[in-house]
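Comments concern the structure below.
The values are calculated or read from the model by the stated rules, or taken from the named source; none is laboratory data. Everything quoted here is computed from the prediction, not taken from an experiment. Every residue, glycine among them, receives a Cβ derived from its backbone with ideal geometry; neighbour counts consider all protein chains shown. What goes into the accessible areas is simple: the full protein's heavy atoms, side chains included, and nothing from ligands, DNA or RNA. Shrake-Rupley method; radii C 1.70, N 1.55, O 1.52, S 1.80 Å.
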Amino acid sequence: MALFAGGGWQDIRHTEVDAARLLLILNQFGVAIDDFCAQLQCYPTYPVVRYFTPEYKLQKLDFLLRYPTYFSYELIELYRLRVPAASDGEEIKQLVRGILSDQEPDRRTDLYRKFFRGAYERLDRVEAWWYSRQLVYSRTEPRGNARPVKYYFLTDKVDTVVTHLVSHIPHAAWYEKRIQLIDKYFGEFSAEQLKNRQYTHAPYQNAQLSEMIPDLSPTELISHFEQTFEEPIGVNFE
(Lines give C-alpha, C1' and ligand atoms only; values in the text may rest on other atoms or scores of the structure.)
Protein backbone atom coordinates (compact mmCIF):
# COMPACT_ATOMS: atom_id res chain seq x y z
CA MET A 1 0.00 0.00 0.00
CA ALA A 2 1.57 3.26 -1.17
CA LEU A 3 0.28 5.49 1.61
CA PHE A 4 2.74 8.10 2.86
CA ALA A 5 5.06 7.42 -0.08
CA GLY A 6 7.43 10.24 -0.93
CA GLY A 7 7.41 11.83 2.53
CA GLY A 8 4.59 13.77 4.13
CA TRP A 9 6.45 16.78 5.50
CA GLN A 10 7.25 18.61 2.29
CA ASP A 11 5.78 22.00 1.43
CA ILE A 12 3.80 20.51 -1.46
CA ARG A 13 0.73 18.76 -0.15
CA HIS A 14 0.49 15.06 -0.94
CA THR A 15 -3.06 13.89 -1.49
CA GLU A 16 -2.42 10.39 -0.18
CA VAL A 17 -0.82 11.74 3.02
CA ASP A 18 -3.76 14.04 3.71
CA ALA A 19 -6.20 11.26 2.82
CA ALA A 20 -4.55 8.83 5.24
CA ARG A 21 -4.30 11.33 8.10
CA LEU A 22 -7.91 12.51 7.73
CA LEU A 23 -9.09 8.92 7.39
CA LEU A 24 -7.63 8.24 10.83
CA ILE A 25 -9.66 11.16 12.21
CA LEU A 26 -12.85 9.89 10.58
CA ASN A 27 -12.19 6.41 11.94
CA GLN A 28 -11.87 7.77 15.48
CA PHE A 29 -14.81 10.16 15.39
CA GLY A 30 -17.21 8.41 13.02
CA VAL A 31 -20.42 7.08 14.57
CA ALA A 32 -22.69 4.17 13.64
CA ILE A 33 -25.41 4.74 11.06
CA ASP A 34 -28.64 5.67 12.87
CA ASP A 35 -32.25 6.18 11.78
CA PHE A 36 -31.74 9.92 11.28
CA CYS A 37 -28.73 9.40 9.05
CA ALA A 38 -30.42 6.66 7.01
CA GLN A 39 -33.26 9.05 6.14
CA LEU A 40 -31.01 11.77 4.72
CA GLN A 41 -31.50 12.73 1.08
CA CYS A 42 -27.75 12.35 0.56
CA TYR A 43 -27.55 8.84 2.04
CA PRO A 44 -25.52 6.77 -0.45
CA THR A 45 -26.67 3.67 -2.28
CA TYR A 46 -23.33 2.02 -1.47
CA PRO A 47 -23.04 -0.09 1.73
CA VAL A 48 -21.77 2.09 4.60
CA VAL A 49 -21.40 1.48 8.33
CA ARG A 50 -20.52 4.84 9.92
CA TYR A 51 -20.69 8.56 9.24
CA PHE A 52 -19.17 11.87 10.30
CA THR A 53 -20.38 15.44 9.92
CA PRO A 54 -19.70 18.29 9.26
CA GLU A 55 -16.60 18.88 7.13
CA TYR A 56 -16.14 22.07 9.17
CA LYS A 57 -15.45 20.00 12.30
CA LEU A 58 -13.07 17.69 10.45
CA GLN A 59 -10.91 20.70 9.58
CA LYS A 60 -10.92 21.98 13.16
CA LEU A 61 -9.88 18.59 14.55
CA ASP A 62 -7.16 18.36 11.92
CA PHE A 63 -5.86 21.76 13.01
CA LEU A 64 -5.26 20.44 16.54
CA LEU A 65 -3.45 17.46 15.04
CA ARG A 66 -1.20 19.61 12.86
CA TYR A 67 -0.27 22.24 15.47
CA PRO A 68 1.25 20.59 18.57
CA THR A 69 1.84 23.97 20.23
CA TYR A 70 -1.83 24.97 19.93
CA PHE A 71 -2.81 21.51 21.16
CA SER A 72 -0.52 21.91 24.18
CA TYR A 73 -1.77 25.40 24.98
CA GLU A 74 -5.40 24.29 24.75
CA LEU A 75 -4.78 21.32 27.04
CA ILE A 76 -3.50 23.73 29.68
CA GLU A 77 -6.45 26.03 29.06
CA LEU A 78 -8.97 23.22 29.49
CA TYR A 79 -7.38 22.41 32.84
CA ARG A 80 -7.44 26.08 33.85
CA LEU A 81 -11.13 26.30 32.92
CA ARG A 82 -11.86 23.13 34.95
CA VAL A 83 -13.20 21.18 32.00
CA PRO A 84 -13.87 17.69 33.44
CA ALA A 85 -12.01 15.83 30.69
CA ALA A 86 -8.82 17.75 31.57
CA SER A 87 -9.09 17.67 35.36
CA ASP A 88 -5.88 15.66 35.90
CA GLY A 89 -3.21 18.34 36.13
CA GLU A 90 -0.33 15.89 36.43
CA GLU A 91 -1.41 14.15 33.25
CA ILE A 92 -1.65 17.47 31.39
CA LYS A 93 1.78 18.56 32.58
CA GLN A 94 3.31 15.25 31.52
CA LEU A 95 1.71 15.47 28.08
CA VAL A 96 2.86 19.04 27.45
CA ARG A 97 6.39 18.38 28.65
CA GLY A 98 6.55 15.25 26.49
CA ILE A 99 5.42 17.17 23.41
CA LEU A 100 8.14 19.75 23.95
CA SER A 101 10.83 17.21 24.85
CA ASP A 102 10.10 15.39 21.61
CA GLN A 103 10.46 18.70 19.72
CA GLU A 104 7.04 18.28 18.17
CA PRO A 105 6.58 22.00 17.41
CA ASP A 106 9.55 21.76 15.04
CA ARG A 107 9.10 18.19 13.80
CA ARG A 108 5.32 17.81 13.56
CA THR A 109 3.81 21.21 12.80
CA ASP A 110 2.07 21.23 9.41
CA LEU A 111 0.75 24.71 8.63
CA TYR A 112 -2.87 25.37 7.65
CA ARG A 113 -4.26 28.11 5.42
CA LYS A 114 -6.75 30.65 6.74
CA PHE A 115 -10.17 30.79 5.12
CA PHE A 116 -13.37 32.68 5.94
CA ARG A 117 -14.20 30.51 8.96
CA GLY A 118 -10.68 29.74 10.07
CA ALA A 119 -8.36 26.88 9.16
CA TYR A 120 -9.61 25.28 5.96
CA GLU A 121 -8.33 23.39 2.92
CA ARG A 122 -10.21 22.04 -0.09
CA LEU A 123 -10.61 18.29 0.18
CA ASP A 124 -11.73 17.52 -3.39
CA ARG A 125 -8.65 15.40 -4.17
CA VAL A 126 -8.77 13.66 -0.81
CA GLU A 127 -12.44 12.81 -1.29
CA ALA A 128 -11.75 11.49 -4.79
CA TRP A 129 -8.90 9.37 -3.37
CA TRP A 130 -11.26 7.88 -0.79
CA TYR A 131 -14.00 7.31 -3.36
CA SER A 132 -11.71 5.51 -5.81
CA ARG A 133 -10.80 3.04 -3.06
CA GLN A 134 -14.37 2.62 -1.76
CA LEU A 135 -13.40 3.92 1.68
CA VAL A 136 -15.43 7.08 2.25
CA TYR A 137 -18.23 8.68 0.26
CA SER A 138 -18.78 12.40 0.72
CA ARG A 139 -22.28 13.74 0.19
CA THR A 140 -23.94 17.13 0.71
CA GLU A 141 -27.32 17.38 2.43
CA PRO A 142 -29.52 20.35 1.39
CA ARG A 143 -31.12 22.42 4.17
CA GLY A 144 -33.50 24.78 2.40
CA ASN A 145 -32.16 28.33 2.56
CA ALA A 146 -29.41 27.37 5.02
CA ARG A 147 -25.91 26.30 4.06
CA PRO A 148 -25.81 22.61 2.97
CA VAL A 149 -24.03 20.20 5.30
CA LYS A 150 -21.43 17.70 4.14
CA TYR A 151 -21.55 14.13 5.43
CA TYR A 152 -18.80 11.54 5.21
CA PHE A 153 -20.02 7.94 4.98
CA LEU A 154 -17.47 5.27 5.92
CA THR A 155 -17.47 1.74 4.51
CA ASP A 156 -16.35 -1.37 6.36
CA LYS A 157 -13.02 -1.20 4.47
CA VAL A 158 -11.87 1.71 6.64
CA ASP A 159 -11.07 -0.49 9.64
CA THR A 160 -8.82 -2.73 7.53
CA VAL A 161 -6.95 0.21 6.00
CA VAL A 162 -6.49 1.97 9.34
CA THR A 163 -5.15 -1.23 10.93
CA HIS A 164 -2.63 -1.56 8.10
CA LEU A 165 -1.55 2.08 8.36
CA VAL A 166 -1.01 2.02 12.09
CA SER A 167 0.80 -1.33 11.99
CA HIS A 168 3.20 -0.50 9.17
CA ILE A 169 3.77 3.27 9.10
CA PRO A 170 5.29 5.12 12.08
CA HIS A 171 3.73 8.47 11.11
CA ALA A 172 0.30 6.86 11.09
CA ALA A 173 0.85 5.27 14.51
CA TRP A 174 1.80 8.69 15.91
CA TYR A 175 -1.27 10.26 14.30
CA GLU A 176 -3.57 7.64 15.80
CA LYS A 177 -2.25 8.18 19.32
CA ARG A 178 -2.59 11.95 19.04
CA ILE A 179 -6.08 11.68 17.54
CA GLN A 180 -7.13 9.52 20.48
CA LEU A 181 -5.91 12.27 22.83
CA ILE A 182 -7.79 14.90 20.81
CA ASP A 183 -10.92 12.79 21.17
CA LYS A 184 -10.35 12.35 24.91
CA TYR A 185 -9.97 16.06 25.62
CA PHE A 186 -11.89 17.78 22.80
CA GLY A 187 -14.31 15.11 21.62
CA GLU A 188 -17.33 16.74 23.27
CA PHE A 189 -16.72 20.11 21.62
CA SER A 190 -18.83 21.15 18.63
CA ALA A 191 -17.25 22.51 15.46
CA GLU A 192 -18.29 26.01 16.47
CA GLN A 193 -16.76 25.64 19.94
CA LEU A 194 -13.49 24.40 18.47
CA LYS A 195 -13.42 27.33 16.06
CA ASN A 196 -14.12 29.82 18.84
CA ARG A 197 -11.32 28.37 20.94
CA GLN A 198 -8.87 28.66 18.06
CA TYR A 199 -9.92 32.25 17.38
CA THR A 200 -8.94 33.29 20.90
CA HIS A 201 -5.29 33.22 19.73
CA ALA A 202 -4.02 36.38 18.07
CA PRO A 203 -1.83 34.64 15.44
CA TYR A 204 -4.86 32.64 14.32
CA GLN A 205 -7.27 35.55 14.44
CA ASN A 206 -4.94 37.99 12.67
CA ALA A 207 -3.86 35.68 9.85
CA GLN A 208 -5.01 37.07 6.53
CA LEU A 209 -7.23 35.20 4.08
CA SER A 210 -5.30 32.46 2.21
CA GLU A 211 -2.21 33.00 4.37
CA MET A 212 -0.70 30.24 6.49
CA ILE A 213 -1.77 30.43 10.13
CA PRO A 214 1.33 31.06 12.28
CA ASP A 215 2.21 28.78 15.16
CA LEU A 216 2.12 30.03 18.74
CA SER A 217 5.44 31.21 20.13
CA PRO A 218 7.34 29.18 22.76
CA THR A 219 7.07 32.20 25.07
CA GLU A 220 3.25 32.09 24.96
CA LEU A 221 3.16 28.40 25.80
CA ILE A 222 5.75 28.60 28.58
CA SER A 223 4.02 31.58 30.16
CA HIS A 224 0.63 29.88 30.08
CA PHE A 225 2.05 26.68 31.59
CA GLU A 226 3.91 28.41 34.41
CA GLN A 227 1.06 30.77 35.30
CA THR A 228 -1.46 27.93 35.37
CA PHE A 229 0.57 25.33 37.26
CA GLU A 230 2.75 27.76 39.23
CA GLU A 231 5.94 25.82 38.51
CA PRO A 232 8.70 25.91 35.88
CA ILE A 233 8.01 24.04 32.70
CA GLY A 234 11.44 22.40 33.04
CA VAL A 235 11.98 21.73 29.34
CA ASN A 236 14.57 23.51 27.20
CA PHE A 237 13.37 24.24 23.68
CA GLU A 238 13.33 27.11 21.20
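Any residue in segment 180-197 that is out of contact with any strand residue (DSSP E or B) (no Cβ under 9 Å at 6 or more places or on another chain) and over 22 Å from LEU81 (Cα atoms)? No; the residues of segment 180-197 include none that is out of contact with any strand residue (DSSP E or B) (no Cβ under 9 Å at 6 or more places or on another chain) and over 22 Å from LEU81 (Cα atoms). For segment 152-180, a residue qualifies if it is within 27 Å of ASP88 (Cβ to Cβ) and out of contact with any helix residue (DSSP H, G or I) (no Cβ under 7 Å at 6 or more places or on another chain), and the qualifying residues are TRP174, LYS177.
For (1) open to solvent by 60 Å² or more (accessible area, probe 1.4 Å); (2) in contact with a Leu (Cβ under 7 Å, 6 or more places away or on another chain); (3) under 30 Å from GLN39 (Cα atoms); (4) of a type in the set (A, V, I, L, M), each residue gets a yes or a no:
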| residue | (1), (2), (3), (4) |
| --- | --- |
| LYS150 | no, no, yes, no |
| THR160 | yes, no, yes, no |
| ILE179 | no, yes, yes, yes |
| PRO232 | yes, no, no, no |
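Name the pairs: first residue in segment 137-158 and free of Cβ contacts under 8 Å to residues at least 12 places away in the same chain, second residue in a strand (DSSP E or B), Cβ to Cβ under 9 Å, at least 6 apart or on different chains? Taking only residues 6 or more apart or on different chains, the pairs are ARG143/VAL149; PRO148/THR140; PRO148/GLU141; PRO148/PRO142.
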